[in-house]
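Okay, so here's the structure we're looking at.
The values are calculated or read from the model by the stated rules, or taken from the named source; none is laboratory data. Please read all numbers here as calculations on a predicted model, not as lab measurements. Quick reminder, even Gly has a Cβ in these numbers, built from the backbone with ideal geometry, and neighbours come from all protein chains shown.
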Amino acid sequence: MQFLENLPPYIFFTGKGGVGKTSLSCATALKLASEGKKVLLVSTDPASNVGQVFGQRIGNQITELAAVPGVSALEIEPQAAAQQYRERIVGPVRGVLSDDIVRRSRSSFLERVPPKSPPSTSSRRC
């Protein structure tokens, strides 16, 4: 695994569905943990199967993997994360600005967000 030498602090595995992103990212996490490194494995795939790989429920919070000391995982649901972000931005101005301005600001923000495409059943990101 020569690519694991001199790693940057963050590694991203991207690509089309079915190319092995989950397999490679999970194997990399195992290898790094076996060398004593602490690893946070993050998936942004709405249909993530990282939990299945390790036989443990993960979800939207950092979870230590019982089977692999030194590895924690997080499965971020992108749509929910975007909604939480929008609420953090718009929430504080509710009641301060008129409802019309808040609605227009939210609509303007949403126009810039690309529409959600249905996930491929083989698409995995870790």
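Among the residues of the range 80-126, which ones are modelled with pLDDT of 75 or more, part of a helix (DSSP H, G or I) and touching a helix residue (DSSP H, G or I) at 6+ places or on another chain (Cβ under 7 Å)?
Residues satisfying the conditions are Arg86, Val90, Val93.
Looking at (1) surrounded by 14 or more Cβ atoms within 10 Å (Cβ to Cβ); (2) modelled with pLDDT of 90 or more; (3) in contact with a Leu (Cβ under 6 Å, 6 or more places away or on another chain), find the lone condition where Thr28 falls short.
Just one mismatch for Thr28, condition (3).
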